[in-house]
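Notes follow the structure.
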Amino acid sequence: SLVFNQIKLVGFKSFVDPTDFVIEPGLTGIVGPNGCGKSNLLEAIRWVMGANSAKAMRGGAMDDVIFSGTKQRPGRNQAHVTLTIDNKARIAPPMFNDDDTLEVSRIITKGQGSKYQVNNKTVRAKDIQLLFADASTGANSPALVRQGQINELISAKPSNRRKILEEAAGISGLHTRRHEAELR
Ligand code: ATP
Ligand code: MG
């Protein structure tokens, strides 16, 4: 699968100042007191991978991911997340497969929606979906387990449980591809 090396957040939720996290190989744990930003960091990873739903993002409007200000500091009008991926194994889709390193960015500007870039070139949301679909690390992948998700799986209706299992089996990318093919 794709190897995540680093994530950088600027103006994303509580991470108002530029913040870099190096992601070491193996299992990663995030620890810290309540409200320190653990879930926000996980959300940033989902968000840069294409997540949009209120469920994945714990909130309503798209703009809610932008630092909204505190008593001490004014809000921002932009949030920027960059995920650095090692693609030496050349497992990304063909359009991304010329480079050893992929810098995947998503940038949102208040009231203007978001855009994606890979190595500073603008790409479609669909391209990002396909990049992560194959890696079984998609935005809804079982590799990232939200608070409350275990309960959802246990109490899910059969049709919803099927969706979760398809994601786990790594075949949900095929639906995106089939949809693309039908549009052509
Ligand atoms: P817990 O251990 O309780 O799960 P946590 O470490 O997961 O806590 P988060 O939910 O990541 O904490 O962070 C919550 C903090 O982020 C709150 O202080 C909240 O005010 C702040 N926050 C969330 N969205 C924004 C935003 N758009 N702008 C500024 N701050 C935000
Ligand atoms: Mg949390």
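What follows draws every value from the coordinates through simple rules; no lab data is involved. On a predicted model such as this, the values are computed, not experimentally measured, just so you know. Every residue, glycine as well, gets a Cβ built from its backbone with ideal geometry; the counts of neighbours run over all protein chains shown.
May I ask for the percentage of alpha-carbon pairs in the chain that lie more than 21 Å from each other? All intermediate terms of the calculation are to be shown ahead of the outcome.
Numbers: 8782 of 16836 pairs.
Value for the chain: 52 percent of Cα pairs lie more than 21 Å apart.
Excluding same-chain residues fewer than 8 positions from LYS121, which aspartates and glutamates have a Cα within less than 16 Å of its Cα?
By straight Cα distance, LYS121 reaches ASP98, ASP99, ASP100, GLU103.
Taking 0.36 nm per intervening residue step and subtracting the Cα-Cα distance, what contour gain separates GLN149 from GLN6 on full extension?
Values: separation 143, 0.36 × 143 = 51.48 nm, distance 2.49 nm.
In short, 49.0 nm is gained.
Whole-Hz Karplus ³J(HN,Hα) for region 49-57, in order, using 6.51 cos²θ - 1.76 cosθ + 1.60 and θ = phi - 60°, x for Gly and Pro?
Coupling constants for region 49-57: 7, x, 5, 10, 5, 4, 5, 5, 10 Hz.
Using modelled backbone amide H atoms (1.01 Å from N, in-plane), which distant-in-sequence or interchain residues come within less than 5 Å of VAL3's amide H?
ASP86
Can you compute the modelled spin-label distance between ASN160 and THR28, with each label point 7 Å from Cα toward Cβ, in nm?
Taking the two extended label points, one gets 2.8 nm.
Give me, ordered by chain and number, the residues 5 or more places off GLY50 or on other chains with an amide H under 5 Å from its own placed amide H.
Excluding prolines and chain starts, which carry no amide H, there are no hits.
Cut-off under 19 Å on the C-alpha distance; same-chain residues fewer than 8 positions from LYS55 excluded. Which aspartates and glutamates are left, in chain and number order?
Correct list for LYS55: GLU43, ASP63, ASP64, GLU152, GLU166, GLU167.
Work out how much length ASP127 to ILE91 would gain on full extension: take 0.36 nm times their residue separation and subtract the Cα-Cα distance, in nm to one decimal. Write down the numbers at each step before the final one.
Details: separation 36, 0.36 × 36 = 12.96 nm, distance 1.41 nm.
Contour length minus the Cα-Cα distance gives 11.5 nm.
Let me know the whole percent of all Cα-Cα pairs from region 5-70 that are separated by more than 21 Å.
Numbers: 475 of 2145 pairs.
It works out to 22 percent of all Cα pairs.
Pop out the ³J(HN,Hα) list for region 78-95 in order, Karplus 6.51 cos²θ - 1.76 cosθ + 1.60 with θ = phi - 60°, rounded to Hz; leave Gly and Pro as x.
With the stated coefficients, region 78-95 comes to 8, 10, 9, 10, 10, 10, 9, 10, 7, 10, 4, 6, 6, 10, 6, x, x, 5 Hz.
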